[in-house]
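So the structure is just underneath, and the comments pick up after that.
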Amino acid sequence: MKRNTKFLSILTVIIFLLIGTNVFAHDSTNQNNSQDKKSTPLEAGTPSQLVKTEKYMKHILFSENVLDPEGRLVESNYEVWFNSNGEYRMNTLTGPFSGDYEVWDGLNLYQYTKVTNDLMVREFKNEGTDVVVPHKLFSSYTTEKIKQEVNDNKLKKRTEVKYEKIDGKNSTQVIFDKKHSIIMESSFTYDGKLLHSLKITLYEKIKNFNINLLVVEPNDAHIINMN
């Protein structure tokens, strides 16, 4: 799925400043310079990064604010369901790409772009610990790096759950849930101006996972096989 590199560069900078390394580096081949294509956090399809998902079913809502090409903050909201194998469905609820979705069923990764009616299909088999994630927010690689930053006192503790990293005019703030090992909220500002923010508004364990969430019906979509 094509990406808008200007949008993604903001998130890349944030994670780089936060954990001291660019965890998006291995995704660079999937990005281009198009300004009118998809630029959501649906950065899946990265099995080269080993991630171990928590072994329980969960339902998550989160929002993200990113800069558009005109320098305006644009908010999008997402909903994700995970089963106990880490397989998931993520829907874009609001924002410029409302109606887009992504599904990983343990065999294939499906990424649907509503504006172009394209459905990209790539094979990614579930082989245990090698799994894909819909957003680096859900990668244990990212959270382990954050924990290391906290232990090294690079992320300064401000409250019981809030941490901050200041580098010149750059300021990164993180609210980290140690129990679930996940970033609940983060913001990145430069010279006092907000450039990016993430916030999980709902995080809940669920007892039942609707298997129909992993069903993809192409209908009249243009299917692009990337296998």
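Just so it is clear, none of the values below were taken in a lab; they were calculated from the coordinates. Because the structure is predicted, anything quoted here is derived from the model rather than measured. Positions of Cβ are generated from backbone atoms using ideal geometry, with glycine treated the same way; all protein chains shown enter the neighbour counts.
Worth pointing out:
- The simple Förster model, with R0 at 41 Å and r as the Cβ-Cβ distance, assigns Lys162 and Ser98 a FRET efficiency of 0.85.
- At R0 = 30 Å, FRET efficiency that the Cβ-Cβ distance of Asn77 and Asp152 yields, to 0.05: 0.35
- Length-normalised contact order of region 57-156 in % [C-alpha pairs under 8 Å, at least 6 apart]: 14
- With the gyration tensor restricted to C-alpha atoms of region 142-218, the semi-axes of the equivalent ellipsoid amount to 31, 17, 11 Å, longest first.
- Lysine pair number, Cα distance threshold 16 Å (strictly under), region 168-227, separation 8 or more or different chains: 4
- FRET efficiency for Ser181 and Asn208, using Cβ-Cβ distance with R0 set to 30 Å, rounded to 0.05: 0.80
- Normalised by the number of residues in region 136-191, the average gap of Cα pairs under 8 Å and 6 or more apart makes the relative contact order 25 percent.
- Short-range pairs are left out: with C-alpha atoms under 8 Å and at least six residues apart, the relative contact order of region 121-227 is 20 percent.
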